[in-house]
Amino acid sequence: MAVKRCTYPGMSFLTYWIFLLQMLGGGRRGAEGHGRLMDPPARNSMWRFGFPNPVNYNDNELFCGGYAGIVFKITTR
């Protein structure tokens, strides 16, 4: 018995693989871990709206300790 390949009519092997790789590659989603609160403005971003706060040009790179902060919080209970 011959095995029949299930492909779309007129689709070559290379076209099939290019299509498959595009679908797999396009399905990946990344996470953007940067952001700032602008409405209402957070204390670190208020200088952008004219408030007399200290200038913080890295106001989109703030974090709460990351992995080390979480481990420290859990182990010091």
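Points to keep in mind about this one:
- Other-chain or far-sequence residues with amide H under 5 Å of Asn53's (modelled H): Trp47
- Each residue of region 37-43 was assigned a 3J(HN,Hα) from its phi angle through the Karplus curve 6.51 cos²θ - 1.76 cosθ + 1.60 (θ = phi - 60°); the sequence is 8, 10, 9, x, x, 6, 4 Hz, with glycine and proline shown as x.
- Taking amide H as placed 1.01 Å from N in the peptide plane, Leu37 has its amide H under 5 Å from the amide H of Ala42, each at least 5 places away in sequence or on another chain.
None of the figures in this text is laboratory data; all of them are computed from the coordinates on show. What you see is a predicted model, and the numbers here were worked out from it, not measured in a lab.
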